[in-house]
Amino acid sequence: MKILRIEAIPFAIPYNKPLRFASGEVRVADHVLVRVHTDDGVVGVAEAPPRPYTYGETQESIVAVVDKVFAPQLTGLTLLDREAVHARLDRTVGNPAAKAAIDMALWDALGRSLGLSVSQLLGGWTDRMRVSHMVGFAPDAEMVAEAERVRDTYGIRTFKVKVGRRPVDLDVGACRALREALGPDVELYVDGNRGWTPSEAARALDAMADLGLTLSEELCPADDVLGRRWLTSRTSVPTVADESATTPGQVTRELLDGAATMISIKTARTGFTTSQRILHQCEGLGVEVVMGNQIDGQVGTACSVAFGAAHRSSSRRAGELSNFLDMSDDLLTEPLEISGGELAVRPGPGIGIEIDPGKLAHHRRDR
Ligand code: MUC
Ligand code: MG
């Protein structure tokens, strides 16, 4: 179970259509596949999606930090040295997606070595999650058509609508069009990716008060400290901290500041180990969580559902697990399938996925 080698392989797979949101847009999945090799021939995998507009990482920076910093520090430790692994990763600040992918690839290798599912090792609560689909910026009719297609094709009945445009009426109109088209029984919530000021966010929430929104996420930046507290105190819609709460310390700050009432957990930035710490922290504080998506491919989505389904509190709500549907291809030998509005955990061992060597050879960008 000794770590022999860690590889960081950049790959690029275009999306069929771009996903647009207030802090950026994604046209190509220019991710990094991380592979951990052990001395007994086991290989664990995970993927790191760079989100420069959220965390500052790029595909190149992830490859560089894994190759030059993390791989040399971790080689020689065993898969069970998890505290030592994290102590060494923590010597370097930032780089959340790179660290998360290493953590999850180590768990995958551990599960494979033991012949056990990672989801069962983490908690084994259930074997599937309901899926929430993210609807990006587009003209209202396109947003509605996408939501209807996703509902009719995959049975998904929970939608996170990207907001944060100016003027706010653009998004108010889109949410109203979605509610009118989808009816009262579909769950709708919004994510602003820090696009609005607190006063714009308040105006938008007031204008959407009759739409039955269940959550509002990151409507304004974390640095609007008092503005976020004011906004959270004046709305009855629970406020979710996503990119403002990516470490246990930030989670504490956002919650104690009154800036958020719920936390989004993304395995793409906190792996399995730190995601579990954050989940337990939230459980201890009586705070609900939602499983978010960092616009993961199928490798990352398999990780998210493995984690989300493993615990009672992370599997309660629909998890954001469908961004991969818009990718033109992926790396798995057996693609993930959403049906009846649900995504099942791969049975394992490990995360339960296999990388198709032909697909990887085709999409990798380092050769
Ligand atoms: C989300 O929930 O914000 C957009 C940027 C990112 O890092 O994640 C996505 C989705
Ligand atoms: Mg978000």
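The values are calculated or read from the model by the stated rules, or taken from the named source; none is laboratory data. Worth saying up front: this structure is predicted, and the values here are computed from it rather than measured. Here the Cβ positions follow ideal geometry from the backbone for every residue, glycine too, while neighbour counts run over all protein chains shown. With ligands, DNA and RNA removed, areas are computed over all heavy atoms of the protein, side chains included. Shrake-Rupley method; radii C 1.70, N 1.55, O 1.52, S 1.80 Å.
Can you give the accessible area per residue of segment 120-344, in Å², using a 1.4 Å probe?
Averaged over the residues of segment 120-344, the accessible area is 36 Å².
Go ahead and set up a Gaussian network model of the chain, Cα springs under 10 Å, then flag whichever of VAL85, VAL131, VAL93 fluctuates most.
So, out of VAL85, VAL131, VAL93, the one fluctuating most is VAL93.
What share of all Cα pairs of segment 139-296, in percent, falls into each consecutive 5 Å distance bin?
2, 9, 19, 20, 19, 15, 10, 5, 0
I want the antiparallel fraction of DSSP beta bridges within segment 228-360, as a percent rounded to 5.
So the antiparallel bridges in segment 228-360 amount to around 35 percent.
Please report Rg (one decimal) and Dmax (integer) in Å for the Cα set of segment 227-367.
Spelled out, the Cα radius of gyration and Dmax of segment 227-367 are 16.9, 54 Å.
VAL186 to THR75: extension gain in nm, 0.36 nm per residue of separation minus the Cα-Cα distance?
Between VAL186 and THR75, full extension yields 35.1 nm more.
So if R0 is 22 Å, what FRET efficiency would ARG316 and LEU285 give, r being the distance between their Cβ atoms, rounded to the nearest 0.05?
Efficiency at R0 = 22 Å is approximately 0.90.
Over segment 3-115, with the other protein chains present, what is the accessible area per residue in square angstrom, probe 1.4 angstrom?
37
At what distance in nm do the modelled label points of MET1 and TRP125 sit from each other, each positioned 7 Å from its Cα along Cα→Cβ?
Calculated label separation equals 2.6 nm.
Scattering from the C-alpha atoms of segment 3-115 alone, worked out with Debye: what is log10 I(q)/I(0) at q = 0.12, 0.15, 0.16 1/Å?
-0.43, -0.63, -0.71
Can you give the % of DSSP beta bridges in the chain that are antiparallel, to the nearest 5?
Bridges in the chain that DSSP calls antiparallel: roughly 55 percent.
Tilt of helix 96-114 relative to the longest C-alpha principal axis of the chain, in degrees (0 to 90, nearest 10)?
50
Once the convex hull of the C-alpha atoms of segment 146-188 is built, how many Å³ does it hold per residue, rounded to a whole number?
Per-residue hull volume (Cα only) is 62 Å³.
Please work out how much length the chain gains when fully extended from GLN250 to LEU170, using 0.36 nm per residue of separation minus the C-alpha to C-alpha distance, in nm with one decimal.
Gain on extension, GLN250 to LEU170, equals 25.7 nm.
How much of the accessible area of the chain, in percent, comes from carbon and sulfur atoms when a 1.4 Å probe is used?
C and S atoms contribute 51 percent here.
With r defined as the distance between the Cβ atoms of ASP210 and LEU114 and R0 fixed at 45 Å, what FRET efficiency is calculated, to the nearest 0.05?
So, using R0 = 45 Å, E works out to roughly 0.30.
Measuring from the lowest to the highest alpha carbon on each principal axis, how far does the chain reach, largest first, in angstroms?
Principal extents (largest minus smallest coordinate, Cα): 59, 41, 37 Å.
Using the structure shown, select from LYS2/LYS359; LYS68/LYS266; LYS68/LYS162 the pairs with a Cα to Cα distance greater than 31 angstrom.
LYS68/LYS162
Mind jotting down the distance between the C-alpha centroids of segment 225-302 and segment 144-183, whole Å?
Each part reduced to its Cα centre gives a spacing of 23 Å.
So, in Å, what gap is there between the alpha-carbon centers of segment 54-80 and segment 332-367?
Cα centroid to Cα centroid, the span is 22 Å.
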